[in-house]
Amino acid sequence: MTEAIATPHLTLNDGTSIPQLGLGVFLVEPDEAERIVTDALEIGYRHIDTARIYKNEEGVGRAIAASAVPREEIFVTTKLWNSDQGRDTARAALEKSLERLGLDHVDLYLIHWPSPKHGKHVESWEALIELRDAGLATSIGVSNFMQTHLDDLAAATDVVPAVNQVELHPAFQQRDLRAFHAERGILTEAWGPLGQGKYELAELPGLTEIAARHEKTVQQVAIRWHLQEGIIVFPKTTRSERMIENATVFDFELSDDEMATIAACDRELRVGAHPLNTDF
Ligand code: NDP
């Protein structure tokens with residue numbers, strides 16, 4: 001077993017600690033997940049972000065079970081899918097996720113989308129509070145929530161989500177939402193931190209120069225930018241050499257000028273679905 005990667009840990013608003021850098025497994029094939037998460041744990045990743053809808057919780061769980069890394073050293077997140085939202089359905093959904101993962105609790109359970117089509121984000125949040133209190137999830141949070149959805153939760157309960165996991169990358173920086181999170185004590189998690197490969201990071205002004213200056217790739221610069229912005233980040237890759245590359249981001253620091261150059265790359269360029277979509 002190798003050492004854990006040297007990521008900082010951040011403290012959630014419920015007092016628990018989360019490794020700031022992890023591995024995401026969206027679009028990881030079910031029969032590849034065990035191999036990929038095994039590689040990640042060997043490389044030193046200790047934070048895995050999955051979801052019921054990714055259909056790979058079993059593989060993630062098998063890798064964790066077979067690993068020499070103790071369970072308590074691995075931070076596991078999964079998510080409540082939209083069609084499972086509801087006061088009475090959330091518990092069964094989490095229990096099934098836990099069964100697939102082979103775990104008795106997850107470290108973080110998220111409502112995956114506000115899902116206006118179902119209109120159940122508030123009652124789902126109330127259900128998640130009960131699941132946390134029952135010990136099935138140590139921490140609870142949300143994903144793809146806009147300010148209005150966070151306000152809905154605040155009006156109904158006094159439990160503030162530990163995190164909001166949203167699309168965020170150098171061309172889509174979510175500064176207003178992040179300021180709102182900071183006021184409320186919610187940590188920001190980035191999904192799609194590399195823009196999901198849907199645009200060339202190298203084409204953003206200044207990124208290639210910054211990367212060359214530090215002898216890093218533009219992907220490493222993007223990951224480092226998230227870390228210095230205080231964002232939790234879990235780039236996805238299926239390739240072990242890229243897992244190593246994406247984790248080799250603690251041996252350099254972006255200067256204030258370089259952070260300002262990246263701040264100026266914001267294009268409000270959303271590459272994924274909008275939180276108010278009604279397709280799913
Ligand atoms: P990312 O921004 O992490 O991009 C992943 C893509 O970048 C893949 O095509 C990968 O290819 C490639 N890549 C990874 N590392 C490198 C590298 N060093 N150099 C070049 N290319 C690289 O997108 P994701 O959508 O996967 O976001 C990360 C995680 O966020 C997800 O895996 C998931 O856990 C979460 N997520 C959550 C959502 C939500 O609604 N809550 C929505 C979407 C994602 P390859 O695999 O071939 O290396």
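Bear in mind these aren't lab numbers, they're just calculated from the coordinates by the rules spelled out. As the structure is a computational prediction, the values presented were derived from the model and not from experiment. Here the Cβ is made from the backbone with ideal geometry for all residues, glycine too, and neighbour counts use every protein chain on show.
Values as computed for the structure displayed
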{"read-out": "Amide H within-cut-off set for W191, under 5 Å, with H built and near neighbours excluded", "value": "V166, E167, L168"}
{"read-out": "Magnitude of the charge dipole, the range 9-263, Cβ model with Lys/Arg +1 and Asp/Glu -1, debye to 20", "value": "440"}
{"read-out": "Centre separation in Å (Cα based) which lies between the range 69-135 and the range 239-273", "value": "29"}
{"read-out": "Share antiparallel - DSSP beta bridges, the chain, percent rounded to 5", "value": "15"}
{"read-out": "Highest average packing first - 55-67, 192-204, Cβ atoms within 10 Å", "value": "55-67, 192-204"}
{"read-out": "Projected area, mean over directions - the range 9-263, Cα convex hull, nm²", "value": "13.0"}
{"read-out": "In order through the range 47-62: 3J(HN,Hα) via Karplus (6.51 cos²θ - 1.76 cosθ + 1.60), integer Hz, x for Gly, Pro", "value": "8, 10, 10, 10, 6, 3, 6, 6, 6, 10, 4, 4, x, 4, x, 5"}
{"read-out": "Phi-based couplings in Hz for the range 266-280 (Karplus 6.51, -1.76, 1.60; Gly and Pro marked x)", "value": "4, 10, 6, 8, 7, 9, x, 6, 7, x, 8, 4, 10, 7, 8"}
{"read-out": "The range 1-151 - Kirkwood radius from inverse mean 1/r over Cα pairs (Å)", "value": "15.6"}
{"read-out": "For L80, residues with placed amide H under 5 Å, excluding near neighbours", "value": "L110, I111, H112"}
{"read-out": "Selected from Y109, Y45, Y54 as most flexible by GNM, with the chain as the system and alpha-carbon contacts under 10 Å", "value": "Y54"}
{"read-out": "Options I231, Q174, H274, ranked by Cα towards positive dipole end of the range 162-280, top entry (Cβ charges)", "value": "H274"}
{"read-out": "Residue among L21, L168, L207 with the largest mean-square fluctuation in a Gaussian network model of the chain, springs linking Cα atoms under 10 Å", "value": "L207"}
{"read-out": "Placed amide H near I140: partners under 5 Å, 5+ positions off or other chain", "value": "Y109, A162"}
{"read-out": "Burial order of peptide ranges 227-235, 93-101, 251-259 (average beta-carbon count within 10 Å, highest first)", "value": "227-235, 93-101, 251-259"}
{"read-out": "Net charge dipole size for the range 1-158 [Lys, Arg +1 and Asp, Glu -1 on Cβ; Debye, nearest 20]", "value": "280"}
{"read-out": "Value at 222 nm in deg cm²/dmol, rounded to 500, when DSSP H runs of n ≥ 4 in the chain each add -39,500 (n - 2.57)", "value": "-11000 deg cm²/dmol"}
